[in-house]
Amino acid sequence: MLGLSIKEKLYKIITCFYKIHIDEYIENVKEIMNKKDTLSESEINRKMRTEKIKYDQLVFESAREYVIEKMPNTRGRIEEVMRNPEIVGLNSEDLEKNITPGKILIVLLYGIKKRQPKPKECSALDLVQHEMLRKRLVALDAEYNSHDSIDSMQDKK
């Protein structure tokens, strides 16, 4: 039987950490939504963006630490990218406030093989994570909308 390629393993690792940490992210979003009546639209958007950045950073740190733990020889190249992201076509903002699954793949693949994935490979991974997150947020939105409907029905009684 053929084993998974390094890239396929990294896809699984990154996706796994997004799944592991999604419940924490959703709980933080719920906290914001529970305060929506006391927050302005811009405050809600700012808090939501902050939570998304924290979620992406947590996944990035978890995946990076996991790869380094399993393959200690990757530490030097991964740290090199962290210090100088331009070597893989990124900038410091990409690794601080604009993390995506594809960018995580870029860093980790460079750490392991000193090469970069194709843009379509990064986009495919971004889409998988986006769809996973979208489903959870749609379900959360439906939950809050049904509560609003129930509350408004009770107010009419």
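The figures follow:
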quantity	calculated
Pairs with Cβ under 8 Å, 6+ apart, first in region 6-20 and at pLDDT below 95, second part of a helix (DSSP H, G or I)	I6/L109; I6/I112; I6/K113; K7/L105; K7/L109; K7/E121
Pairs with Cβ under 7 Å, 6+ apart, first in region 71-86 and in contact (Cβ under 8 Å) with a residue 40 or more places away in the chain, second assigned to a helix (DSSP H, G or I)	M71/I112
Enumeration of residues in region 77-106 that are more than 18 Å from the chain's Cα centre (by Cα) and surrounded by fewer than 13 Cβ atoms within 10 Å (Cβ to Cβ)	R83, N84, E86, G89
Selected residue (only one of K36, K47, K30, K9 is of a type in the set (D, E, K, R) and closer than 26 Å to Q116 by Cα)	K9
Top-ranked residue of region 22-55 - restricted to ones that are touching a residue at least 24 places away in the same chain (Cβ under 8 Å) and either among the acidic types (D, E) or at positive phi (or both), ranked as surrounded by the most Cβ atoms within 10 Å (Cβ to Cβ)	E51
Failed criterion for S62 (all others in (1) touching a Phe, Trp or Tyr at 6+ places or on another chain (Cβ under 7 Å); (2) over 15 Å from F17 (Cα atoms); (3) at pLDDT 95 or above hold)	(2)
Per-region count, region 13-53, residues closer than 29 Å to L108 by Cβ, out of contact with any Pro (no Cβ under 9 Å at 6 or more places or on another chain) and not basic (K, R)	17
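The values are calculated or read from the model by the stated rules, or taken from the named source; none is laboratory data. Keep in mind that what you see is a predicted model, and the values were worked out from it rather than measured. No Cβ is skipped: glycine too gets one built from the backbone with ideal geometry, and neighbour counts run over all protein chains shown.
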